Amino acid sequence: MLEIKTLSKHFGGVRAVDELDFTVRQGEIFGLIGPNGSGKSTTVNLVTGIFPPTAGEIIFDGRDITTAQPHVTLDAGIARTFQNIRLFNNMTVWENLWVAQNSAEDKKATNLLSRWMGGSRKAKSQVEEYLEFSALADKRDELAGNLAFGEQRRLEVARALAAKPKMVLLDEPAAGMNREEVRALDERLRALKARGITVLLVEHVMELVMEVTDRIAVLNFGQKIAEGTPSEIQNNQAVKDAYLGTSGD
Amino acid sequence: MDEHLVSILTNIGGFTFIALSAYLLLLTGEISFGQQAFFGIGAYFSGIVTAMWGLSMWAAIPLTMLAAAFSAGLVGIITIRLRGLYFSIATLAFAEMVRLALVGTTWQVKIDGEMIGPNGSEGLGNIRWALDNNIEANDFMWIVLITLAIVMGLFFLMERSRLGSIFRTIGADRLLAETQGINVTAYKVAATALAGAIASLGGIFYAHAQTHVYPENFDVMLGVHSLAYGLIGGLGTALGPLLGVILDIGFLEAVEWVQGYRMIAFGGLVAVLLIFMPRGILDERRVHRLRMAFRTRKTEPPPAKTHDPAAS
Ligand SMILES: Nc1ncnc2c1ncn2[C@@H]1O[C@H](COP(=O)(O)OP(=O)(O)O)[C@@H](O)[C@H]1O
Ligand SMILES: [Mg+2]
């Protein structure tokens, strides 16, 4: 589904991502872990076209999206969340989801006028569905900026769904969540998988990653140091060293 | 109706168009110091259409708006890579170029024994369509105000629509808008073109109310004012720029005892507001609160739904 081929991104002298290779298969939950500053967010930014790579290739669904603009990667079927929550704070929860429906399907020229005016009845009922899915139905008219932290994280995931993606890239969706919220997120990720959506999960909360992912790649200093199933990764010496080396993040 | 009042209301109408054009760009996050160029293009182009070509103002309106949208769209394309201050400076430079071009342009033809057409810094006169058709100041005011009502209505429609939300998302967080599939470049050019057309509408009415316009009417002060109107009145609703215009023209200019101090009062108002209400009086949060208060009075809140067990 998503093929990363010898992908590199240098910021000046910093090799944020260094000849990275991995493939996410259709329908799986793929974990991307590593110490702080190991290049996880940069990888997400490269895939979603925030900036072009220094070298390498990104293939999604058989299509080369290496240098595609963000809105093009979304049309291709990739939606994302941000590590530092990014919402339209002056818009309501409902509006944040409503305006996020921008998939290639939504954009068909024949739908353009209805899209500009407010979308079809179907589009609006889908917003209700995302509200329900993320347990935000009672917050629909609240400004996104007024939500509690956990609610904002949920809204980000719901918004990614609103784009009807084939794949979502979640950048630390559990950061700052309590146990119960993490458990709910775990269930939501499984629900995504059940819907056939491929997930790339960047996460620091190890119990979640080990619990929910099918396979994991581990980064350190922009390079992949291990790849495998959760149990393989847990017993991998290089991974243990990398995490111990950064005094257990 | 009192003549003074008629002229004030006509002015409020005319200047609200350019305020709305600056407001539309502010929504998309751009500060244009150049909307006076399209006001000026609107005044000159429509004046040429009616005074030189002898067409009616009703024909001049769509032609002029198209011409303004086209030139504004070109400016939008040329400046698309410029952000923030650079965009502001580029728009200002463009507007000054337009003004100087008007100063340097003389193109007059003899019509009924009179020389008619742009005449450098002497401007463009004899825009007599209203006089020739016996449209009195009072009637002209109604033409302006009704057109304004229509344009405001379209703005309200846009603000409730997805298109309006898309414009706002670009202004709020351009990168986020882009990652949500919004082709920011295309929408920005569209907004610039639309804003140019709206500003030109103000110029059309200004020219036909005044019958004579000068290049100096479209200097940078007009651009600064049109920006300030939205920033004072608020960026949460299209009523914001209208409120700004009413405060300035309706109050500061019309009330005699502030006359001498108008610019000082206006500058002070802008400064104070920018500190305490950076997005104006009717900003997004206040508008949201008003909307919610209005809505709960009208309808019961939807019953709290039980959550999907997998989601709670
Ligand atoms: N836009 C940027 N400009 C310069 N350096 C950056 C930028 N983004 C990330 N980096 C650097 O790249 C490295 C990897 O960062 P990042 O991908 O955010 O790590 P992670 O998400 O794994 O914590 C860090 O050293 C960081 O400082
Ligand atoms: Mg990160």
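Given their separation in residues at 0.36 nm each and the Cα-Cα distance between them, B:Met1 and B:Asp132 gain 45.0 nm when the chain is fully extended.
Summary value for segment A:89-164: 54 percent relative contact order, contacts being C-alpha pairs under 8 angstrom separated by 6+ residues. Helix B:262-276 and the long axis of chain B differ in direction by around 20°, with both axes built from C-alpha atoms.
Listed by chain and number, the aspartates and glutamates placed with their C-alpha closer than 16 angstrom to that of A:Lys139 are A:Glu95, A:Glu128, A:Glu129, A:Glu151, A:Glu156, B:Glu300, B:Asp308; residues fewer than eight positions away on the same chain are left out. A simple charge model with +1 on the Cβ of Lys and Arg, -1 on the Cβ of Asp and Glu and nothing else charged puts the dipole of chain A at about 680 debye relative to its Cα centre. Phi angles of segment B:147-159 translate, via the Karplus equation with coefficients 6.51, -1.76, 1.60 and θ = phi - 60°, into HN-Hα couplings of 4, 4, 4, 5, 5, 4, x, 5, 4, 4, 4, 4, 5 Hz per residue; Gly and Pro are given as x. Taking a straight line from the alpha carbon of A:Lys224, these lysines sit under 20 Å away, with near neighbours fewer than eight places off in the same chain left out: A:Lys5, A:Lys9, A:Lys40, A:Lys240.
Think of each Lys and Arg Cβ as +1 and each Asp and Glu Cβ as -1; about the Cα centre, that makes the dipole of segment A:135-180 roughly 240 debye. The ellipsoid that matches the Cα gyration tensor of the protein assembly as shown has semi-axes, each √(5λ) in whole angstrom, of 54, 25, 20, with the longest given first.
The relative contact order of chain B, computed from alpha carbon pairs under 8 Å that lie at least 6 residues apart in sequence, is 31 percent.
At an R0 of 56 angstrom, the distance between the Cβ atoms of A:Thr54 and A:Asp138 translates into a FRET efficiency of 0.75.
Fully extending the segment from A:Glu211 to A:Phe11 would add 68.6 nm, taking 0.36 nm per residue of separation and subtracting the current Cα-Cα distance.
Our coupling estimate for segment A:146-161, obtained by passing each phi through the Karplus curve with A = 6.51, B = -1.76, C = 1.60 and θ = phi - 60°, is 8, 6, 5, 3, x, 5, 5, 5, 5, 5, 4, 5, 4, 5, 4, 5 Hz, Gly and Pro reported as x. Between the C-alpha center of segment B:135-162 and that of segment A:17-95 there is a gap of 45 Å. Think of the protein assembly as shown as a dipole: +1 on every Lys or Arg Cβ, -1 on every Asp or Glu Cβ, centred on the Cα centre; then among B:Phe266, B:Leu290, B:Leu27, B:Leu290 lies furthest on the positive end. The Stokes-Einstein estimate for segment A:89-164, based on a Kirkwood radius over Cα pairs and taken at 20 °C with 1.002 mPa s viscosity, is a diffusion coefficient of 173 µm²/s. Note on chain A: dipole from Cβ charges, positive end direction compared against A:Ala68, A:Gly56, A:Ile233; the farthest Cα belongs to A:Ala68. The calculated 222 nm mean residue ellipticity attributable to helices in chain A amounts to -10500 deg cm²/dmol, summing -39500 (n - 2.57) over DSSP H runs of n ≥ 4 and dividing by all residues. Fewest-first ordering of A:Leu131, B:Leu176 by other beta carbons within 10 Å of each residue's beta carbon gives B:Leu176, A:Leu131.
In this simple spin-label model, placing a label point 7 Å from the Cα along the Cα-to-Cβ direction at both A:Gln237 and B:Trp53 gives a separation of 8.4 nm. Cα-based radius of gyration for chain A, normalised by 2.2 N^0.38 Å, reads 1.01. Projecting the Cα positions of B:Leu85, B:Ala130, B:Leu102 onto the charge dipole of segment B:80-174 (unit charges on Cβ atoms of Lys, Arg, Asp and Glu, taken about the Cα centre) puts B:Leu85 furthest along the positive direction. Dipole size of segment A:89-164 about its Cα centre, with +1 on Lys/Arg Cβ and -1 on Asp/Glu Cβ: approximately 340 debye, rounded to the nearest 20. With θ taken as phi - 60° and the Karplus curve 6.51 cos²θ - 1.76 cosθ + 1.60 applied, the whole-hertz 3J(HN,Hα) list for segment B:121-128 is 6, 6, x, 10, x, 6, 8, 9 Hz, x standing for glycine and proline. By the Cα gyration tensor, segment B:3-219 has an equivalent ellipsoid whose semi-axes, rounded to whole angstrom, run 32, 20, 13 from largest to smallest. Spatially, segment A:185-227 and segment B:57-77 are offset by 53 Å when compared through their Cα centroids. Note on B:Leu175 and A:Asn36: the model spin-label points, each 7 Å out from Cα along the C-beta direction, lie 1.9 nm apart.
Readers should treat all values here as calculations from the given coordinates under stated rules, not as data from a laboratory. Everything quoted here is computed from the prediction, not taken from an experiment. Don't worry about glycine lacking a Cβ; one is built from the backbone with ideal geometry, like all the others, and counts go over all protein chains shown.
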